[in-house]
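Accompanying notes for the structure given below.
Throughout, read-outs are computed from the coordinates displayed, never taken from laboratory work. Quick caveat: nothing in here was measured; it's all calculated off a predicted structure.
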């Protein structure tokens with residue numbers, strides 16, 4: 001089964017995680033919400049599958065390109 005990495009598009013702080021490892025997701029489901037420059041930015045799944053890895057915690061500041069989740 002193919003693995004897809006969901007990467008962070010910009011530096012920001014994780015303010016909400018909408019999924020956990022093992023959760024099924026569909027394309028365009030919101031998997032997390034980040035805050036950058038006082039704006040809330042939803043991070044979407046780009047594929048359908050199951051969350052295999054979640055590499056962030058609420059309150060954590062992530063850099064652009066950080067792998068937030070792996071879905072397969």
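Over the chain, with a Gaussian network built from C-alpha contacts below 10 Å, which listed residue (13, 27, 40) shows the highest mean-square fluctuation? Evaluated over the chain, the most mobile residue of the options is 27. With Cα atoms as the point set, the chain shows a radius of gyration and Dmax of 11.2, 38 Å.
Stokes-Einstein, applied to the Kirkwood radius of the stretch 31-72 over Cα pairs at a viscosity of 1.567 mPa s and 4 °C, places its translational diffusion at 115 µm² s⁻¹.
Length available on full extension from residue 40 to residue 2: 0.36 nm per residue minus the Cα-Cα distance, which gives 10.7 nm. Considering only alpha-carbon pairs that sit under 8 angstrom and 6 or more positions apart, the relative contact order computed for the chain is 44 percent.
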